[in-house]
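Note sheet for the following structure.
The values are calculated or read from the model by the stated rules, or taken from the named source; none is laboratory data. Every value quoted in this text rests on a predicted model; they were computed, and no experiment measured them. We place every Cβ from the backbone using ideal geometry, glycine too, and count neighbours over all the protein chains shown.
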Amino acid sequence: MDKKVLKELLEKGKTHREIAKITGFSKSNVGYWILKYNLNKISCNSKNEILPTNFLSPIDTKEKAYLVGFILGDGYISDEEHVEITQAIANEEVIKFLSEVVNGKVKENRIFDRKKRLFPNVSVTKKIPKIKMVLGGRLKTERHFPRVKAELMPYLVRGLFDADGCFSYGIRKDRNRLWVCISFTHHLKCLTGLQKFLLDKLNIATTVRMKSKENCYILEFSSRKNVFDFLCWLYQDESFIPLKYKYNKFNAVRLELEEFGENCKRSIPSRAIEHNKSIEGVETRS
């Protein structure tokens, strides 16, 4: 097998099985030539290393906090703690980011069938030890809102927001006034934990209501002060933006406010400052 061809296929993220189909070699022969040419470091198998059992003990980085928040909102967890996260092609950037955090391999699915509700997507799958313990269970109905160190909470909530949150806004024509709304869609156990955190630590009051004809709930708040306090707290670290479109929407709304003669200062609510000073350690209960 030609080394240059093999190296190019590996760098594109092709698996041993995919390379075998492309080249006509057997899967075992592909593995042989990878070892022969010392290309195992760029083999997709190098992206399947088992994570250590203490990977989330503790949750001590912003990347891990964001990962936990994202899985809380939109991750499928198997009984064996294999986690699968899937997003639309448009959100490929966040899947690539998460794949780097867990050392996983990004998979693309280009199938489009509207009748079967199959759309192009990207995903990453990885066994993450103790993820069920951190979130309180495998199923979404079992998951609670976890707590991490105060300085990492914005990243955990950002993960949940990017996965399951919505930021909407518009102009009321009758009053020529900007309206804004933040909402999260999840099961009640998680949302009540998030609701308590927002009130206790950020002084943001919210409502939780059942989503029509679905077995889930919506947490929302629409006070402009609360919305912008929340977003300023959420995006206080502008160097960390795994998913850009919601952040860009926030900046677009700030420009809209300026056109209305108002300002959105990047300030963190006072209770959040107190929270950052007073809480240490890791909690996994809501």
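Quick notes on this one:
- Any hit, region 240-251, residues being assigned to a loop (DSSP other than H, G, I, E, B) and loosely packed, with under 12 Cβ neighbours inside 10 Å: no
- In region 97-126, of all residues being of a type in the set (Lys, Arg) and surrounded by fewer than 16 Cβ atoms within 10 Å (Cβ to Cβ), the one that is nearest to Leu10 (Cα to Cα) corresponds to Arg110.
- Residue pairs meeting the criteria (Cβ under 9 Å; at least 6 apart or on separate chains; first among the acidic types (Asp, Glu), in region 107-135; second in a strand (DSSP E or B)): Glu108/Asn121; Glu108/Val122; Glu108/Ser123
- In the condition set (1) at pLDDT 80 or above; (2) surrounded by fewer than 14 Cβ atoms within 10 Å (Cβ to Cβ), Ile50 is compliant with all but (1).
- Being at positive phi and at pLDDT 85 or above is a property that holds for Asn103.
- Selected residue [at pLDDT 95 or above and of a type in the set (D, E, K, R)] from Arg143, Arg147: Arg143
Listed here are the residues, each with its yes/no results for (1) more than 23 Å from Val157 (Cβ to Cβ); (2) among the charged types (D, E, K, R).
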| position | (1), (2) |
| --- | --- |
| Glu63 | no, yes |
| Glu80 | yes, yes |
| Val83 | no, no |
| Leu98 | no, no |
| Val122 | yes, no |
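- Asp79 satisfies every condition listed in (1) assigned to a helix (DSSP H, G or I); (2) among the acidic types (Asp, Glu); (3) modelled with pLDDT of 85 or more except (1).
- The residue that is nearest to Leu139 (Cα to Cα), among those in region 54-104 that are free of Cβ contacts under 8 Å to residues at least 60 places away in the same chain and either among the hydroxyl-bearing types (Ser, Thr, Tyr) or assigned by TED's automatic domain parsing to the domain that holds Lys244 (or both), is Tyr76.
- Of the strands (runs of 3 or more DSSP E) lying entirely inside region 140-216, those containing at least 1 residues that are under 21 Å from the mean Cα position of the chain (by Cα) span 165-172, 177-186.
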